[in-house]
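The values are calculated or read from the model by the stated rules, or taken from the named source; none is laboratory data. Keep in mind that what you see is a predicted model, and the values were worked out from it rather than measured. Here the Cβ is made from the backbone with ideal geometry for all residues, glycine too, and neighbour counts use every protein chain on show. The area values use the complete protein model at the heavy-atom level, side chains included, leaving out ligands, DNA and RNA. Shrake-Rupley method; radii C 1.70, N 1.55, O 1.52, S 1.80 Å.
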Amino acid sequence: MFLNSKNFVPWGLTDSEQRSEEFRYSGPDARPYIEISKQFAMDEVRTKGFASDFHPLQKDVDKFQGTDMLLIFDPGKAYGEKFVLTVTKTAYDREMQRITELRQAVLDEFDRENRPPEEGGGGEEEVDELDDLMARDEPEENIIVRDQPRSCGDWTSETMELTHQEVSNFSVNNSRPLLQVMITRPRSQFGKSIKFSDSAENLQNCRPQKDPNFSLHRKELEIGIQCVKEMTTTACQTTWYRPVNKSTQYSPSDFLQGDAGLGYDQVDALSEFLSGVSVGVEEALQTNETVDIFQEEFAHLGEEEAGAVSKTHSNIRDHRNFADVTYTKGKRIEWVEWVPNSSDMIASSYCENQPFSDRVDTSGRASSSTILIWSFQDTLSPHAVLQSQWEVSVFKFYVSNEHFLVAGLSSGQLAVWKLSDADLGNALREKPRSGSADEEKSSTISTVFHKQVSMIDESHKRAVLAIEWLPPALEIERRGRGASEKNPADGPVKYFATIAGDGQVLIWDFLALLEAINDTDFVWRPLHRIQLQRQDSGTEMGCCHLLYCHDRFDEKGVKQLTNFYAATEEGELLLGDWAARVEEDRKPEYCRKLFTESKTFRPMLSLERSPFFPDILLGVTDWAFYLWKDGLKEPLFQSSYTSTYFTRGVWSPTRPSVLFLGLVSGGIDIWDFSDQSHKASLSDTGASVAISSMSFLKSGDGNQMLAVGDALGHLHALIIPKNLVRQAGRELDTMGKFLKREEVRVRYFQDRRNDLIELKEQLEKQAQMAADKEVMETGKAVVDDEKLDALAEEAYQKLEQECIELLQGGNLGA
């Protein structure tokens, strides 16, 4: 039977998952046998279902007449697998008897080796009594045989003291404490090459002056000579006046006679002197620390010794190159995945390498496509071929069992393949006995056909572009109205989600499919579907990438189990909820937020989550890439626009601050945020043509490898150098501070922008109020003028009437 390595320690086959010298049974080295109860095997099948290792033997275990079964480790694979299970009572008794005989033989051999020698008569009776006593004192179950290293003791000898004395006579011990010397240099001269010579050129010279009173005094001179012919060390004093670079070491007693002139009365003078020169010294120190911010930091540094990279090249090595004339000629690699639990098996899907006009003409027509599984043992022919009636745009291995593979097709359907151990390289395949080379090659390459295909009317309307496995603890309610964490966290994954260019997100039940995988009448349809639409126009939103939000909480602290991130065909990023509720007469808004800062009117090429910071997302477009953080409306970081288009982007699985970006020219740009963030730190060649897919080996004990697929159908396995694998110092902390600083910057600009908007609205409101007040005052002034005119007119009429009356009265008097 096939046994998952994760069950070795829980079942007692090994004491440690990793190989260790402390335990005899560790890693892949399992115990020769263990006893497993029948009830335990049935409970394991009942709990885990098809994911249980006992599921293929469920019927045989149920028929077993007994309580305990033997699980025997068979590294020679006599029955095809490494473990053998006794499913009949006869096999159990036969193997148990053989184990008992071998154990008794070991015990007898142990007794013979530890039996004391016979002395005098009556030896046989004493031996029998001793055997009975040992049998009573030490039961068989308590005997433990261990292979432990011999403990070493101290070395002792009669001449040990004399030897130590002779060695100490040849040892050189310091007669004085070591001196510490500090040499300083201006920062502007760091890294510059300097040639030392005897001449004092370009230096301030102190020319020698002949002193007639000079006399050479001899002092005690200590010379250490090593008895080696090739080297000798001497020292001398000379009066030759020649300018040389040298240093002099002396003690104060040679120059100062006594302490008569070092009294405390000179402290004030010393303080005044230090106060006078402190300003000049401080200016000199500041001048030495002045740095040109526009100067290239590493322009004057030499090449690093034994370094894995240079300024422009990262020393990425092409370890394997896979190509086959039959299957890869005229094709392009669409998707690449490493086979789980393997470091030398890669799977890649191939599509026709046609221009856009030809693809438009052939769209909607069925064409055969393949998924090839490659092995490092043979780079010229694939290890297995998975046939498909439509082009495979994306595929993923089932995370709970690598023997199942789910692929999204260009027709919008989903297909499932079931792979054997031989297809995955875990078992040897039988070779043909005779035949030509072509027949032998065709017979050694296994061809696998799909087990199930989804119903075309219930699938996507356009090509499937992303597959996302949901957490195993997630349980989705009927029609996707909600979700809860009812299932065990260590159980098999039940659901996965898909997205396509038609804007639909479909959720599928994979366990229901596995139960009816051999049923030809089974109709595979999604459990729940939603249609993403734009809120402004109501049109369908084409999507190309999907990521599930694992640990996201709302303002009240409630965990959101139905949220996801998706990338659109116009370069936008959206936050969706497949369980959105209907509000009154409005349609449910599955698109909760839409981030348009990365909109380029071209599809987003990659959407990856950081393996070290779960809330940081990487979005790659044609011209730039973006770093998003959950909860912010704007990206944390946006790269500068590049002259060479990007095609793919992935995070480094071991270094938090490193990104690998594929280019349309076939190169790979490596961005290291712990070094610089305005441009790529390193560049290398990944392929000769445009890179179409990239994938890292998630687990591997040896070298870190990157699988790269190009537009000509060539698959490359690249080995990443050690300097791009190991973290440099506190890199995780440095990257976290960088992201925190960028988050503070983004939030500051958002708050500043909101304040300016509020200020603008306030100023517009004040201007409107001032305009209304001016209109009111103008109207009031007009009314006042009319009243004055009316009063003036009334006074004029009154005056005119009085004048007329006076004139009439005067005429009468005349």
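Just a few scattered comments:
- Protection proxy ranking, peptides 545-551, 629-635, average beta carbon neighbours within 10 Å, highest first: 545-551, 629-635
- Per-residue ³J(HN,Hα) for segment 555-568, Karplus 6.51 cos²θ - 1.76 cosθ + 1.60, θ = phi - 60°, Hz, x for Gly and Pro: 5, 8, x, 8, 6, 8, 9, 10, 9, 7, 9, 9, 10, 9
- Relative contact order of segment 479-618, pairs being alpha-carbon contacts under 8 Å that are 6 or more residues apart, as %: 19 percent
- Note on exposure: Glu572, Glu109, Glu272 ranked by accessible area (1.4 Å probe, complete protein assembly) read Glu272, Glu109, Glu572, with the most exposed listed first.
- In the context of the full protein assembly, Thr685 retains an accessible surface of approximately 100 Å², using a probe radius of 1.4 Å and ignoring ligands and nucleic acids.
- Taking label points 7 Å from Cα along the Cα-to-Cβ direction, Arg19 and Val582 give a separation of 6.2 nm.
- If R0 equals 60 Å, the separation of the Cβ atoms of Arg176 and Ser699 corresponds to a calculated FRET efficiency of about 0.60.
- Computed lengthening from Met96 to Asp457, 0.36 nm per intervening residue step minus Cα-Cα distance: 124.2 nm
- Probe 1.4 Å - accessible area at Arg481, Å² to nearest ten: 130 Å²
- Within the straight-line cut-off of under 25 Å between alpha carbons, the lysines reachable from Lys773 are Lys760, Lys765, Lys787, sequence neighbours fewer than 8 places apart in one chain being disregarded.
- Amide N proximity, segment 175-196 versus Thr287 label position 7 Å along Cα-to-Cβ, cut-off under 16 Å: 185-189
- For Arg747 and Ser677, a Förster radius of 25 Å and the Cβ-Cβ distance give a FRET efficiency of 0.85, rounded to the nearest 0.05.
- Projecting label points 7 angstrom from Cα along Cα→Cβ for Leu759 and Ala771 puts them 2.2 nm apart.
- If R0 equals 30 Å, the separation of the Cβ atoms of Val664 and Glu589 corresponds to a calculated FRET efficiency of about 0.25.
- Note on segment 454-501: the alpha carbon radius of gyration divided by the globular reference 2.2 N^0.38 Å gives 1.34.
- Taking 0.36 nm per residue of separation and subtracting the current Cα-Cα distance, fully stretching the chain between Ser640 and Arg146 would add 171.6 nm.
- Cα centroid separation, segment 724-789 to segment 616-691: 34 Å.
- Structure note, pairs Lys396/Lys486; Lys486/Lys737; Lys494/Lys556: Cα-Cα distances above 30 angstrom occur for Lys486/Lys737.
- The length gained by stretching the chain between Asp154 and Glu786 to full extension, at 0.36 nm per residue less their Cα-Cα distance, is 215.1 nm.
- Here the simple spin-label model places points 7 Å from the Cα toward Cβ, and for Asn321 and Ser5 these points are separated by 3.1 nm.
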